[in-house]
1. List the pairs whose first member sits in region 117-136 and is touching a residue at least 60 places away in the same chain (Cβ under 8 Å), whose second member is outside any helix (DSSP H, G or I) and exposed (fewer than 14 other Cβ atoms within 10 Å of the Cβ), and whose Cβ atoms are under 6 Å apart, counting only residues at least 6 apart or on separate chains?
2. Residues ILE20, ILE107, ILE81: which one is under 23 Å from GLY134 (Cα atoms), among the β-branched types (Val, Ile, Thr) and without any contact (Cβ under 8 Å) to a residue 40 or more places away in the chain?
3. Kindly indicate the residue of region 69-100 that is part of a helix (DSSP H, G or I) and aromatic (Phe, Trp, Tyr) and also surrounded by the most Cβ atoms within 10 Å (Cβ to Cβ) among those meeting that condition.
4. Please specify each residue of region 11-43 satisfying the condition of being under 20 Å from PRO65 (Cβ atoms), in contact with a Ser or Thr (Cβ under 9 Å, 6 or more places away or on another chain) and not aromatic (Phe, Trp, Tyr).
5. Restrict the check to region 23-39 and report whether at least one residue is over 30 Å from PRO133 (Cβ atoms) and of a type outside the set (Val, Ile, Thr).
6. Within region 43-59, restricting attention to residues that are in a helix (DSSP H, G or I) and without any contact (Cβ under 8 Å) to a residue 12 or more places away in the chain, which residue is nearest to HIS176 (Cα to Cα)?
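What follows is calculated from the coordinates using simple rules that are stated; it is not laboratory data. Keep in mind it's a predicted model, so treat the numbers as computed, not measured. FYI the Cβ positions are ideal-geometry reconstructions off the backbone, even for glycines, and counts take in every protein chain you see.
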Amino acid sequence: MIHILSREFRNFLDSLIAYIIIGVFLTAMGLIVWVFPETSVMEYGYADLDPLFSLGPYVLIFLVPAITMRSFAEEKKLGTIELLLTKPLHDWEIIMGKYLAVVGLLIFSLSPTLLYYFSIYQLGSPVGNIDTPGVIGSYIGLFLLGATFCAVGIFTSSITSNQIIAFIGATFFLFHFVFRV
């Protein structure tokens, strides 16, 4: 399982698409938190990261399927799934290895947004006037929601051999789950 996890993580970070996806995610979150007047923390008048956590799930609806779309779909398309299944591994080890690699990429994508917290921490009047336990709890919630989205993305990638169909299917399912509530 560790071998699959490290292989998937390395393969994703070796591709240019990984940095484009993460860059688009961080740009979107930065625009939401700092630039757009309706959601800018500078317009609120108090130190809060509410725009990040209230609009973050909608951005994750597109980030997570982009990360997960190649998990099993590419293996099927290239024909390497048969080689992977003949290894002395259980099915759950293959699935968990790929899932944990995608969750690791989610953490890798979310970690630069901690700069927003430290910036607002310093911008608060007085310095440090931010609800730190609330921010920690919101980050945990955003991570758990993203981990759930990863499971849906892995599932849609496993039922098709086309990465684009896996992306569209996962995005459709996630929209359905988020907006159904």
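1. TYR121/GLY128
2. Numbers: ILE20 fails: under 23 Å from GLY134 (Cα atoms); ILE81 fails: under 23 Å from GLY134 (Cα atoms).
ILE107 is the lone residue from the list that is under 23 Å from GLY134 (Cα atoms), among the β-branched types (Val, Ile, Thr) and without any contact (Cβ under 8 Å) to a residue 40 or more places away in the chain.
3. At the first step, the residues of region 69-100 found to be part of a helix (DSSP H, G or I) are 73-78, 81-86, 91-100.
So of that shortlist, the ones also aromatic (Phe, Trp, Tyr) come out as 92, 99.
On the way: TRP92: 10, TYR99: 23.
Looking at the filtered set, the residue picked out is TYR99.
4. Residues satisfying the conditions are ILE21, ILE22, LEU26, MET29, ILE32.
5. Within region 23-39, the first condition is being over 30 Å from PRO133 (Cβ atoms), and the residues that meet it are 23-24.
Those left that are additionally of a type outside the set (Val, Ile, Thr): 23.
Checked against the condition, which is being over 30 Å from PRO133 (Cβ atoms) and of a type outside the set (Val, Ile, Thr), region 23-39 yields at least one hit.
6. To start, the set of residues in region 43-59 that are in a helix (DSSP H, G or I) comprises 43-44, 50-59.
Going one step further and asking which of them are without any contact (Cβ under 8 Å) to a residue 12 or more places away in the chain, we end up with 43-44, 50, 54.
Numbers: GLU43: 32, TYR44: 31, ASP50: 23, SER54: 18 Å.
Restricting to residues being in a helix (DSSP H, G or I) and without any contact (Cβ under 8 Å) to a residue 12 or more places away in the chain, the top hit is SER54.
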